[in-house]
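**Q** Okay, here's the structure, questions in a sec.
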Amino acid sequence: MARYEEIQRRLAEGRGVREIARALGCSRNTVRQIRDGLKGSPAHLPERADPPWMLQLQWPQVIEDLGMGHPMKLIWEEKAETLTTYSNFWKQFYRKFPQYRQPSVTARDFSPGERVEVDWAGDPIEWIDVKTGEIHPTWVFVAGLGFSQLAFAWATVDMKSANWLACHRRMYEYYGGVPAVTVPDCLKQGVLKCHIYDPDINPGYAQMAAHFSTSVVPARPGRPQDKAIAEGLVKLLSRYMRFRHRHHRFTSIGAINRALAEGIEKINDRRHTRFGVSRRERFEQLERAALKPLPAIPFEEAEWTRAKLHPDCYLTADRSLYSAPHIHRGKQLDVKVTENQVEIYLDLELLAIHPRDRRHGGYRTRIDAHFPPASQAYNEATPQNLLSQARFIDASVHALVDELFQADVYGHIRRVQGLVRTCTKEIRECGREPALEHIRTAIAMMRRFGKVRVPYFKQLLADARRKKVKPDAGREIVRRPGNPMLRHGAESIATVEPLAAAANQGSLPL
């Protein structure tokens, strides 16, 4: 209609037939027929009659299914496969309903083994727990090779980094090799900071790429055409799942993965309209040999996070608390969470390794060396630790401590701490054998009088040390003449008496 009106306008301006035909890309005969009135306006042409098979279809229902996002080919397979071919079906549909015609696209070409594009499907698939009736969402990871467009899909309980990396590992194992380039979206599990030329890759994702010898080249933010293969496969798979299982309810995530595997196999084995063969045949014939081999060592998924070391020397990772050296309190540390352990780093320096705690109840995992001395002393004052220390001191000390804890654990913990510390000090000052004798004597006295107190224990030990000091055996005690209450040693008398006699004779001044 637009071309007919343009020809009419140019003829009215007096332009020649040859000039109009060359400018509009039509034949000169068409221009002459319009000039001479032999060809009328397309608006007045009688509408072409529909083929007989079109009268057998419920077109409102077809339009409704198409509006819900179901693919045209699946609609044809269900409603018109026995009536006409697929090409004739969509041609007649777009002739009858031109408003649903889709715009043209540009196909990209890649070499074998060059790239794989990955993405999360937009809408989660839900499953119902038959025991509780609770509805759980699952997110679908979708990938497609660039050359053969061989598809892969896997459903996970969430989109966290651990499942993101696990899906990549499953994808490479499914393909039996690794492409040179992996193209994800700019999601936080893959890219920390987006940049058109030099984005910051997530440390765990970068470690996975180095393990599999692939390069991560994220798509530009807001540019889905950079990973058009993954976007197209997401559309195909989502439409397939919605259409095939629209009357079915899943009861487990395993059932969802089995349904996804069935849909992926059908997509991969279907003949591709552009290739002329299926995705599977194109992959087996041309692309499988071009992929890099899988590494010999299996990859262990790790989730990297950043956490602040709090004043209590603990940081939070995976909903649990782990200790780190107290000299780094207040700093932001890198935490690597693997399947079995948690590693803490500061600028690529390994600070601590803990076994992973999966209880997720706010429990603390600690290493004593991470805490300052005062904190270590406080944490060591536990009944079990004090009993162990008392056992290594002496059996009498261990028996006394055990009796105190049997009576009241928390009421006697400070008293037991003082007794143990006093015993340790006594051993350090007097030696082990003499100290143990003093300790046994003091404990016997405390038991005898029923007075178990730390100050009394110290007094008894001091008394025991004082009684051990014996006077010299060769020293003779004599009484001094004139004052029998004074006692002096014999050597003192021998020295003092000559001096006194000299003073009496007047030879020495008194």
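The values are calculated or read from the model by the stated rules, or taken from the named source; none is laboratory data. Since the structure is predicted, the reported quantities are computational estimates derived from the model, not experimental observations. For neighbour counting, all protein chains shown are included, and Cβ atoms are generated from backbone atoms with ideal geometry for every residue, glycine included.
**Q** Is there a residue in region 271-293 that is surrounded by 15 or more Cβ atoms within 10 Å (Cβ to Cβ), polar (S, T, N, Q) and in contact (Cβ under 8 Å) with a residue 40 or more places away in the chain?
**A** Looking through region 271-293, none of the residues is surrounded by 15 or more Cβ atoms within 10 Å (Cβ to Cβ), polar (S, T, N, Q) and in contact (Cβ under 8 Å) with a residue 40 or more places away in the chain.
**Q** Which one of 201, 297, 253 is touching a His at 6+ places or on another chain (Cβ under 9 Å), of a type in the set (A, V, I, L, M) and under 20 Å from residue 143 (Cα atoms)? Write out each step before concluding.
**A** On the way: 201 fails: touching a His at 6+ places or on another chain (Cβ under 9 Å); 297 fails: under 20 Å from residue 143 (Cα atoms).
Every option except 253 fails the conditions.
**Q** Every residue in region 12-54 that is of a type in the set (A, V, I, L, M) and either assigned to a loop (DSSP other than H, G, I, E, B) or modelled with pLDDT under 85 (or both), please. Outline the logic, then answer.
**A** Here is the first cut: in region 12-54, the ones of a type in the set (A, V, I, L, M) are 12, 17, 20-21, 23-24, 31, 34, 38, 43, 45, 49, 54.
Scanning region 12-54 gives 38, 43, 45, 49.
**Q** Cβ-Cβ below 9 Å, separation at least six or inter-chain, first residue in region 400-417 and more than 17 Å from residue 450 (Cβ to Cβ), second at pLDDT below 90 and of a type in the set (Ser, Thr, Tyr): which pairs?
**A** Listed by first residue and then by second, the contacts come to 413/382.
**Q** Here's something else I'd like to know. Against the condition assigned to a loop (DSSP other than H, G, I, E, B), modelled with pLDDT of 90 or more, assigned by TED's automatic domain parsing to the domain that holds residue 254 and surrounded by fewer than 20 Cβ atoms within 10 Å (Cβ to Cβ), how does residue 158 come out, does it pass?
**A** On the way: assigned to a loop (DSSP other than H, G, I, E, B): yes; modelled with pLDDT of 90 or more: yes; assigned by TED's automatic domain parsing to the domain that holds residue 254: yes; surrounded by fewer than 20 Cβ atoms within 10 Å (Cβ to Cβ): yes.
Yes.
**Q** On the given criteria, is residue 254 crowded, with 22+ Cβ neighbours inside 10 Å and more than 20 Å from residue 113 (Cα to Cα)? If you could, list the steps in order and put the result at the bottom.
**A** On the way: crowded, with 22+ Cβ neighbours inside 10 Å: no; more than 20 Å from residue 113 (Cα to Cα): yes.
When the stated conditions are applied, residue 254 does not pass them.
**Q** How about region 64-84: which of its residues are under 20 Å from residue 240 (Cα atoms) and either assigned to a loop (DSSP other than H, G, I, E, B) or in contact with a Pro (Cβ under 9 Å, 6 or more places away or on another chain) (or both)? If you could, list the steps in order and put the result at the bottom.
**A** Let us first name the residues in region 64-84 that are under 20 Å from residue 240 (Cα atoms), namely 64-81.
Residues satisfying the conditions are 68, 69, 70, 71, 80, 81.
**Q** On to the next question. Please verify whether residue 117 is free of Cβ contacts under 8 Å to residues at least 60 places away in the same chain, closer than 23 Å to residue 268 by Cβ and either acidic (Asp, Glu) or not in a helix (DSSP H, G or I) (or both), treating the condition exactly as stated. Don't jump to the end; show me each part of the working.
**A** Working: free of Cβ contacts under 8 Å to residues at least 60 places away in the same chain: no; closer than 23 Å to residue 268 by Cβ: yes; either acidic (Asp, Glu) or not in a helix (DSSP H, G or I) (or both): yes.
So residue 117 fails the test.
**Q** Tell me which of these residue 213 doesn't satisfy, since it passes every other one: (1) farther than 23 Å from residue 296 by Cβ; (2) surrounded by fewer than 16 Cβ atoms within 10 Å (Cβ to Cβ).
**A** (1)
**Q** Taking the conditions exactly as written (crowded, with 17+ Cβ neighbours inside 10 Å, out of contact with any Lys or Arg (no Cβ under 6 Å at 6 or more places or on another chain) and assigned by TED's automatic domain parsing to the domain that holds residue 209), does residue 260 satisfy them or not? I'd like the intermediate steps shown before the answer.
**A** Details: crowded, with 17+ Cβ neighbours inside 10 Å: yes; out of contact with any Lys or Arg (no Cβ under 6 Å at 6 or more places or on another chain): yes; assigned by TED's automatic domain parsing to the domain that holds residue 209: yes.
Answer is yes for this residue.
**Q** Limited to region 267-305, what total is found for residues that are of a type in the set (A, V, I, L, M) and out of contact with any strand residue (DSSP E or B) (no Cβ under 8 Å at 6 or more places or on another chain)?
**A** Here is the first cut: in region 267-305, the residues of a type in the set (A, V, I, L, M) are 267, 277, 286, 289-291, 294, 296-297, 302.
Remaining after also requiring out of contact with any strand residue (DSSP E or B) (no Cβ under 8 Å at 6 or more places or on another chain): 286, 289-290, 296-297.
Count: 5.
**Q** Among the residues of region 289-310, write down those that are of a type in the set (D, E, K, R) and either under 17 Å from residue 109 (Cα atoms) or in a loop (DSSP other than H, G, I, E, B) (or both). Walk me through how you get there before you give the answer.
**A** Taking region 289-310 as the starting set, the residues that turn out to be of a type in the set (D, E, K, R) are 292, 300-301, 303, 306, 308.
Listed by number, the residues that qualify are 300, 301.
**Q** Do you know which residues across region 169-196 are in a strand (DSSP E or B), within 22 Å of residue 121 (Cβ to Cβ) and in contact (Cβ under 8 Å) with a residue 60 or more places away in the chain?
**A** Residues of region 169-196 in a strand (DSSP E or B): 178, 181-183, 191-193.
Those still in the list that are within 22 Å of residue 121 (Cβ to Cβ) too: 181-183, 191.
Matches in region 169-196: 181, 182, 183.
**Q** Among 134, 114, 126, which is the only one that is closer than 18 Å to residue 238 by Cα and modelled with pLDDT of 90 or more?
**A** Numbers: 134 fails: closer than 18 Å to residue 238 by Cα; 114 fails: closer than 18 Å to residue 238 by Cα.
That would be 126, the only listed residue that is closer than 18 Å to residue 238 by Cα and modelled with pLDDT of 90 or more.
**Q** Pull up region 182-205, narrow it to residues that are surrounded by fewer than 16 Cβ atoms within 10 Å (Cβ to Cβ) and in contact with a strand residue (DSSP E or B) (Cβ under 7 Å, 6 or more places away or on another chain), then point me to the one that is farthest from residue 289 (Cα to Cα).
**A** 193
**Q** For region 216-241, name all the residues that are surrounded by 18 or more Cβ atoms within 10 Å (Cβ to Cβ) and either over 25 Å from residue 268 (Cβ atoms) or within 23 Å of the chain's Cα centre (by Cα) (or both).
**A** Correct list: 216, 218, 219.
**Q** Residues being under 30 Å from residue 128 (Cβ atoms) and either in a loop (DSSP other than H, G, I, E, B) or not assigned by TED's automatic domain parsing to the domain that holds residue 269 (or both): count how many of those fall in region 197-250.
**A** 5
**Q** Could you list, in sequence order, all residues of region 300-359 that are basic (Lys, Arg) and closer than 20 Å to residue 190 by Cα? Before you say what the answer is, go through the steps one by one.
**A** Of the residues in region 300-359, the ones basic (Lys, Arg) are 306, 308, 319, 329, 331, 336, 356, 358-359.
Within region 300-359, 306, 336 qualify.
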